[in-house]
Amino acid sequence: MAFKVLPAPSGKHRRPRRAALRTGTTLAGVAVLTAAGTFGATAATALSTPGDAAPKVEDIAFARAVDASDTLTNSLAAQAAAQHKAADETKRQAAEAKRKADEAKRLAEAAAKKAAAEAKAKADREAEREAQARAARDEERRKLNSFVLPVDSAIGTGYKVPGSMWSSGYHTGVDFIASTGTPVHAVGAGTVVTAGFDSAYGNNVVIRHSDGIYTLCAHMSSLSVSVGQTVTTGEQIGLSGATGNVTGPHVHFEARTTPDYGSDIDPEAYLRSHGVSI
Ligand SMILES: [Zn+2]
């Protein structure tokens, strides 16, 4: 059997022929292929077909090889397409997961921000309420601690002025200038511990205040409180006069650490410590 140049394969296949086929394939070679199981019965049938028009074993083998190759190519292409699709799906899922994660993060941040703002507003409201309560307490304390002058007038003789007319050798209080009959007030809230007459102070009142200090008003013409009575700041306790050891009408005022004579402290400083301008 002579070998000739093989015709181009028919149909869609236009692949270059393989070297083995171009240089001629022996039956032994076909037999090897057959034995290898690439093709079998069809090749045998082709070989048994008489005449020159009959397909050559080489052509059949080539066609078969090309078919197998195309099948493989198609399979690979389909596999590649499937892989592409799978990759695209993976990408899409990843993008979706990222979008969801971003959205969750955004929502969490917004919620945290809102919670922080609400907490701050609540803290601010509580601070404001506390400040108002504190201001109210301070005002109440200021009212309680805020004292007034016993009479709204100037001071004549000051504290600790020396003089032989006083048994201690000095003035134990201050004298407010006041004509007889001027209302005399408790300088601060407290309890009356003395309300009576003695030869030196005349008609006098001693009040114990909440800070433990006592104040005395003396030489009054009349008294309007009695021992044990509680008084409020500015409450009238009597009228000024010139009773006791005096040379004329005035209000003698003392501050003391005890109810008794001799425990005097600076009365002006004491009034100033309770907010009185003097
Ligand atoms: Zn005096």
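The values are calculated or read from the model by the stated rules, or taken from the named source; none is laboratory data. Just so you know, these numbers come straight off a predicted model, no measurement behind them. Cβ coordinates were reconstructed from backbone atoms using ideal geometry, including for glycine residues, and neighbour counts include every protein chain displayed. For accessibility, only protein heavy atoms count, side chains too; no ligands or nucleic acids. Shrake-Rupley method; radii C 1.70, N 1.55, O 1.52, S 1.80 Å.
Numerical summary
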quantity: Accessible-area composition of the stretch 77-145, carbon plus sulfur, in percent [1.4 Å probe]; calculated: 58 percent
quantity: Gain upon complete extension [W166, A101; 0.36 nm per residue less C-alpha separation]; calculated: 14.1 nm
quantity: Karplus-derived HN-Hα couplings along the stretch 116-123 (A = 6.51, B = -1.76, C = 1.60, θ = phi - 60°), whole Hz, x at Gly and Pro; calculated: 5, 5, 5, 4, 5, 4, 5, 4
quantity: From phi via Karplus (6.51, -1.76, 1.60), per-residue ³J(HN,Hα) for the stretch 176-184 in Hz, x at Gly/Pro; calculated: 8, 6, 7, 6, 4, x, 6, x, 10
quantity: Low-density loop cleavage sites - chymotrypsin sites (Phe, Trp or Tyr not before Pro) in the stretch 116-187, where at most 15 other Cβ are within 10 Å (DSSP); calculated: W166
quantity: In the stretch 77-145, lysine pairs closer than 21 Å at Cα, eight or more apart or cross-chain; calculated: 9
quantity: The stretch 155-273 - percent of accessible surface contributed by carbon and sulfur, probe 1.4 Å; calculated: 54 percent
quantity: Nearest-10 value in Å² for the accessible area of E96, using the 1.4 Å probe; calculated: 60 Å²
quantity: Size of charge dipole - the stretch 77-145 - debye, nearest 20, with Cβ of Lys, Arg +1 and Asp, Glu -1, no other charges; calculated: 60 debye
quantity: T194 long-range amide H proximity, modeled H, under 5 Å; calculated: V206
quantity: Hz values of 3J(HN,Hα) by residue in the stretch 202-216 - Karplus curve (6.51, -1.76, 1.60), Gly and Pro given as x; calculated: x, 6, 9, 10, 10, 10, 9, 9, 5, 8, x, 8, 10, 10, 10
